[in-house]
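Bear in mind that the values in this text are calculations on the coordinates, not laboratory data. What you see is a predicted model, and the numbers here were worked out from it, not measured in a lab. When we count neighbours, we look across all protein chains shown, and the Cβ atoms used for this are built from the backbone with ideal geometry, even at glycine.
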Amino acid sequence: MKKTGEIEFVTVTIGDQLFGLAIDRVHDVFAADRVTRVPMARDEIAGILNLRGRIVTMIDMRRCLDLPPKDDISNQMAVGIEFGGESYGLLIDEVGEVMKLPAAQLETVPVNLDSRWRRVAAGVYRLEEDLMIVLDIDRVLEVQPREAAA
Amino acid sequence: MDDLLRDFLTETSESLDVVDVELVRFEQEPNNHDILANIFRLVHTIKGTCGFLGLPRLEALAHAAETLMGKFRDGLPVTSAAVSLILKTIDRIKKILGDLEKSGGEPQGGDDDLIAKLVAMSEGAPTPAAGQPKPKAEPPLVVQTLERELRPGEVSLDELERAFRETEVEIVAVDAEPAAAPAPVTAKKEEPAAEARDPKPRRVNIRREEDQREEAAKAQTLRVQVETLERLMTMVSELVLTRNQLLEIMRHKQDSEFKVPLQRLSNVTAELQEGVIKTRMQPIGNAWAKLPRIVRDLAKELNKEIELEMHGAETELDRQILEVIRDPLTHIVRNSADHGLETTEERRRLGKPEQGTIRLSAYHESGQIVIQIADDGKGLNTARIREKAIAKGLMQEGDKLSDAQIHKFIFASGFSTADRITNVSGRGVGMDVVKTNIDQIGGSIDLKSVAGKGTTLSIKIPLTLAIVPALLVESAKERFAIPQSAVVELVRVNATSKHKIERVKDAPVLRLRNKLLPLAHLSSLLNLNKGAVETENAFIVVMQVGKKNLGIVVDTVFHTEEIVVKPMSSMLRDLTMFSGNTILGDGSVIMIIDPNGLASTLGARLEGEGNETEQAEEEVRVNEAERPISFLVFRAGSREPKAIPLSLITRLEEIDAVKIEISNGKYLVQYRGGLMPLVPINDQVKVRSEGMQPLLVFIDSNRALGLVVDEIVDVIEDRLDIQVGSANPGTIGSAIIGGKATEILDVAHYLPLAYADWFIRKEKGAKDSKCRVLFVDDSAFFCNMLLPVLKAAGYDVTTATSGAEALEIVEREGSFDAVVSDIEMPGMSGFEFAETLRKNARFADIPIIALSSHSSAAVVERGRKSGFHNFVAKFDRQGLLTALKHVPQEISKAA
């Protein structure tokens, strides 16, 4: 990540944690309904859905981060991402706002963070009220060997 | 790059491919003037166009090659060195064309080396042999001289003249140059001469017809960019989806004015779809075009004589698929040439024809395309593969696998047995890559190898990938699509239907027309919910994967829909159970089941019985012991597994032990309205007094016997290979089944234990004097299995273990009432036996019934010709009895 200039982030919450996604990677935000389960797929895959004629592979960020599932699974929101010519959707709890933050203020990920979190975290911002973890989207979508995912 | 140049490139590379093929043909038939004329014409066109477009390098090369070919036409003997040189030249031309395509201009450099060789060969050529037609036989040319030396690429006038004469039809038709005008006159004059020296003047006419047809065909084809077609295909896919959506909406509305127009739209869409798919179709010959050349070069390099036969080159398939299989095919053919076929010397020593053959064939079969690559070489080196498989940890030293199973290892990743890394194959790209490619497109590959006879690879691939009809099913509340091409039939099971899901231990099976179909619940295959699975009310989708049938149990079957296959995202690609996903008419997304993945998960081995598609002769060659049969494996008395061929058992039961009664010192149970005696299979087995007692039930014309065992373990398909015989009554011997030493029990031993008269008893309606039956089978095992059945039915049975022995017995003991003979026997086959017997007038009337594991039409036909009266499947006891009862009247007369 560049150390100069400002980066725009879309903030989302997963569990109680605030995350930031680089805005140029976010394709759209949509409500994820009628998700078809994919049997035998790795754990973090919530399923597939039809988004305006495209088939989108949905990733459950809670499972990805080893968080307990959400109680109320209606009105799930998702962030649409394009990766390697394919469409993915990250299931999140809530979409927040767009935030512009200086690249220089990004701090490294604490070493004592849970390894699953550390894998997908690109850095941390200390905001006034919260900490915001910058999500490394490539890492989230990287195809992991099965053992690691299980 | 301008359009002209682009057109030139496409056209030229096509022409060159043709030249490649034709040259190889020409080398084999150097006297075929048609081929030469065709090559000459193509090269000439290339040369001409190059000159026109200002491509001096290409022009010079083409010219030099053309000159040499001109010499061939004049009677220069065609040597393979010369052909090699021309092929080399063509390679160079292709290389230049490749650069031209990339950069838009000819690359730097010269071709003097090649040109010099070509010129040397055409000039230094020895004068034509005496027997060969001499150019002097032609009417002398008017010698026209040019004031200066010819520049490279220029044609001397007499050559031009000759070119005109040879190709007069086309030139008249196409070329409007006035210079062409006198040509036909010359040609006409020449014609009688041509007839005089050519024994088959018809050829000339044929060529003309072809030329004209080609002309006509040219006018009706159009070059279209592949992208345009692809885009069209995408649009049609979208249209199909929208149509499906509309149909889905309409399904819920009974009366609507939209119904009729929608129906029309639907039909038009279907036609459009078909049309677009057709535009994507290409003959498979396109993927084969490079093979003759490759094989020729290999033959030279490896010092082998190889003939490449190609059948069904016109079979069409989707170009997307064509691209995928092109390389695998090339690889397989290379393999056949390199490893499969022996050197000429070796073949001579083995008494085989010196020329090895690689036969490529393609044809349509039930919505799929089958491509076969067969060679008549030495076959796979089983020992070597075995060694390698053990070294790679794919199997254990002691594993007892059939040859066919061992051969399958060549498809394992990173498996190459080439002793040496040759230039040709063994470069690390092995059969595993071939298999992966073919799997990718939903195809399957099968292999059959006979040592010393050759190897045949069969590849089955779908016609198209983009839009396929699929059956929509539901399992555990989830819907899935199963490609219709894999679905054979649907069977409904519920409380009242005649089909029921039965269980052998835990494995669900279905009896379907005398065959036991292994079943699997889709929900458990997909780990959907491990809870209660519906077996009372379900649908069974019978699928054929490879040669194997299997049944998938689902909760509901909806309808068939044309689905547009979309690839899965890379995060899902490791799922072998699915081949893609699709959007349905109602907008939901569903996964498409991959029948191959399903079958391999089910552990179904792809070889095995199933539907035979091979030819009769090939089937007969397969050794009996190689054919896997299903065994019921159980425990009785000890830990060691015991087994009985499943087909001999009528039913498997578990009864409540409290229902077992003892009467007269025998265990009995009330079963189906009668009393069934229970016999412990050996002394160590205790009949249970509580809980469930597993039984193997044998029923034979209203009599039932229950064999008491401790535990039913499994049904395992394996080949029968008795390793250690047994002196124990009741045991045939030991074989390895499912990797474990297993005792094979002799059913015949147990039947009289329950009914002392089991064998003496006559079948109702049998005559007083026993019918004498001669039973011929080389396998003692089958004799043992079927003998009790025949005896029980009241026949007096004599056995013979070979055709020769049977003939002796017939000779000695006189007439039998019927002969039952196996077909696959070492030495004299059943066919030969029957033929021999028929030839002897004394025995010509004896009815002969064939026992065969195959009942394909071809085998039956062959059998009828040999004199068999009837065909019975090997394990079909009832069928055999019926057949014996119905043998022609001769029996009763004789008896």
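Using the structure shown, select from B:Lys290/B:Lys435; B:Lys548/B:Lys885; B:Lys71/B:Lys300 the pairs with a Cα to Cα distance greater than 29 angstrom. Write out the running numbers ahead of the final one.
Details: B:Lys290/B:Lys435 21 Å; B:Lys548/B:Lys885 33 Å; B:Lys71/B:Lys300 23 Å.
Result: B:Lys548/B:Lys885 exceed 29 Å.
Placing +1 at every Lys and Arg Cβ and -1 at every Asp and Glu Cβ, with all other atoms neutral, what dipole size does the range A:54-112 have around its Cα centre, in debye to the nearest 20?
Values: 5 positive and 10 negative charges, 28 e Å.
That gives a dipole near 140 debye.
Taking the convex hull of the Cα atoms, report for the range A:6-149 its projected area averaged over all directions, in nm².
Working: hull surface 36.2 nm².
The number I arrive at for the range A:6-149 is 9.1 nm².
Order of B:658-671, A:59-72, B:318-331 by packing, highest average Cβ count within 10 Å first? If you can, show how the numbers build up before the last one.
Numbers: B:658-671: 13.4, A:59-72: 16.1, B:318-331: 19.1.
Packing order, densest peptide first, comes out as B:318-331, A:59-72, B:658-671.
Evaluate the range B:637-703: find the radius of gyration of its Cα atoms, find its Kirkwood radius, and give the ratio Rg to Rh.
Working: Rg = 12.4 Å, Rh = 13.1 Å.
Looking at the range B:637-703, the ratio lands at 0.95.
Summing Lys, Arg as +1 and Asp, Glu as -1, what charge do residues with Cβ under 13 Å from the Cβ of B:Pro469 carry, B:Pro469 excluded? Walk me through the numbers before you get to the answer.
Values: positive: none; negative: B:Glu274, B:Glu561, B:Glu562.
Neighbour charge sum, excluding B:Pro469 itself: -3.
Pull up all non-local amide H partners of B:Gln693: gap of 5 or more, or a different chain, and H-to-H distance under 5 Å with H placed in the peptide plane.
Residues meeting the criterion, in which the H sits 1.01 Å from N, are B:Ile655, B:Asp656, B:Ala657.
What residue among A:Ile14, A:Met58, A:Gln105 has its Cα farthest toward the positive end of the dipole of the range A:1-134, where the charges are +1 on Lys, Arg and -1 on Asp, Glu, each on the Cβ?
A:Met58
Among B:Phe843, B:Phe775, B:Phe258, what is the fewest-to-most ranking by other Cβ atoms within 10 Å?
On the way: B:Phe843 18, B:Phe775 25, B:Phe258 13.
Sorted ascending by nearby Cβ count, the order is B:Phe258, B:Phe843, B:Phe775.
Could you work out the helix-only [θ] at 222 nm for chain A, with each DSSP H run of four or more residues adding -39,500 (n - 2.57) and the total divided by the number of residues, to the nearest 500 deg cm²/dmol?
Working: 4 runs with 19 residues, N = 150.
Theoretical 222 nm ellipticity from helices: -2500 deg cm²/dmol.
Positive end of the charge dipole of the range B:283-462 (Lys, Arg +1 and Asp, Glu -1 on Cβ, about the Cα centre): tell me which of B:Leu317, B:Ile441, B:Ile390 has its Cα farthest that way.
Of the listed residues, the answer is B:Ile390.
Just tell me how shielded A:52-58 is by partners: mean number of partner chain Cβ atoms within 10 Å of each residue's Cβ, no decimals. Let's see the in-between values first.
Working: counts 0, 5, 3, 10, 2, 7, 0.
Mean number of neighbouring Cβ atoms from other chains: 4.
Taking only the alpha-carbon atoms of the range B:226-280, what semi-axes of the equivalent ellipsoid follow from 5 times the gyration tensor eigenvalues under a square root, in whole Å, largest first?
Values: eigenvalues 140, 22, 8 Å².
Semi-axes (√(5λ), whole Å): 26, 10, 6.
Provide a whole-number value for the mean count of partner chain Cβ atoms within 10 Å of the Cβ atoms in peptide B:478-487. Each step should come with its number before you reach the end.
Numbers: counts 5, 1, 2, 0, 0, 0, 0, 0, 0, 0.
Other-chain Cβ atoms within 10 Å of each residue's Cβ, averaged: 1.
For peptide B:587-599, compute the average count of partner chain beta-carbon atoms within 10 Å of each residue's beta-carbon. Write down the numbers at each step before the final one.
On the way: counts 4, 6, 13, 5, 8, 0, 0, 0, 0, 0, 1, 0, 0.
The per-residue average across the peptide is 3.
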